[in-house]
Amino acid sequence: MNSLDFSDLIDMDDDLANTIVTRADASAGCEQPATRAAGASAPALLARAPFPDISPALPAFGPSFEVGGALPDIQFVTVDNGRFYAHRGLLRYVSSDAFGGLLAGRDESIHVPEASAIFAIALHVAYGLSCAHLTNITLETIESAVNVLSKYGIPPQSFAAPNMPLFQLILSQASYYPIDAYALAAHYGFQDLAVAVSSHLLAYDLSGLTDELCVKMGAVHIKLLFDLHQTRRNALKNIVMNPPKMHQPHLACGTREQQDLTLAWAFAAAEMAWNAPSSTSTYMMQSTFERAATDISCGECRTMLKTRIQEAMEEWSAVPRTI
Ligand SMILES: [Zn+2]
């Protein structure tokens, strides 16, 4: 089935499409069940050449938007009069209910109640196309697009795997709105995405969680977030509680003098434990301990300090940064 082409699937019934896709998967060495529900395997299909062969140079969803040699055969008109040209066969394949029943007939132009900005995201996701070029994207429009996918029988969870457009789209918002992106991912069951977004929440003040956010993300993901912070706090305490080792005492630097380094380390450790411990970076750890020990003049003490800082940074790097 190496010559499988998107045009082969135009107007093809689901059973036949599943059969072809299963064979294509088998030829690609993929382990797949013998049969699959329509739409459930679509993302894997979309991600695998030669289906669909979408040229990024072409304007997506214009009248000449060609997929695997097939031109659009249906036009959607949004509530704000945006026009999107698409492919009936592809949408029937990724949707479990013929795109909310809209594709059950032979209408070539269909009016939908969504706004262009939202419908555009939904279509890009359904086609496996990057949304990076779309403008006016917010978490609200993304969430609305996710709801649109569900409304039209396209399971959003199947399109939120890592490296898929929806995953990247939501993750791109995580730097700016981490807790909202996390709640969105948790709410819709995008677990891989929730894990990825959680790395942006290490500095988040959990006392700022609102009732609305808690309800949205659910008890499981609240607990996962609290556990992440607790784990990192405890790990940091354990790491910084171990000061540098002492060197062999001598006349220039005996046991008492070496306590200056231990004391400097203790002050630095307390500073880190006080200031957002979950989000402490290895660079912050290094600079804090080095700054605290600037008055240490003994070369051997400084060697011990350098060794312990390196160990501490390695230990801290190994602590999980995600739920
Ligand atoms: Zn010393």
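Could you put Glu257, Glu114, Glu140 in order, starting from the residue whose Cβ has the fewest other Cβ atoms within 10 Å?
By the 10 Å Cβ count, ascending: Glu140, Glu257, Glu114.
Thr294 label point, 7 Å along Cα→Cβ, cut-off 19 Å on backbone N: hits in region 250-267?
It comes to 260-267, nothing else.
Each residue of region 243-254 in turn: what ³J(HN,Hα) in whole Hz from Karplus with 6.51, -1.76, 1.60 and θ = phi - 60°, glycine and Pro shown as x?
Ordered by residue, 3J(HN,Hα) equals x, x, 6, 8, 8, 4, x, 8, 4, 6, 8, x Hz.
Go ahead and run the numbers for FRET between Leu206 and Leu263, Cβ-Cβ distance against an R0 of 30 Å, rounding to 0.05.
For R0 = 30 Å, the calculated efficiency reads 0.40.
What is the spin-label model distance, in nm, from Ala273 to Ala318 if the labels are put 7 Å beyond Cα along the C-beta direction?
Between Ala273 and Ala318, the simple spin-label model gives 2.1 nm.
According to the square roots a ≥ b ≥ c of the eigenvalues of the Cα gyration tensor, what is the shape class of region 235-317, taking rounded for a/c under 1.5, prolate for a/b larger than b/c otherwise, and oblate for the remainder?
Because a/c hits 1.5 or more and a/b exceeds b/c, region 235-317 counts as prolate.
Residue by residue through region 137-146, what is 3J(HN,Hα) from phi via Karplus (6.51 cos²θ - 1.76 cosθ + 1.60, θ = phi - 60°)? Round to whole Hz and write x for glycine and proline.
8, 10, 4, 5, 5, 5, 5, 4, 5, 4
For region 224-234, take each phi angle, set θ = phi - 60°, evaluate the Karplus expression 6.51 cos²θ - 1.76 cosθ + 1.60, and give the result in whole Hz per residue in order, putting x for glycine and proline.
4, 5, 5, 4, 4, 5, 5, 4, 6, 4, 5
Coordinate-derived values only; no laboratory data. Everything numeric in this text was worked out from a predicted model, so none of it was measured. Note: ideal-geometry Cβ built from the backbone for every residue, glycine included; neighbour counts use all protein chains shown.
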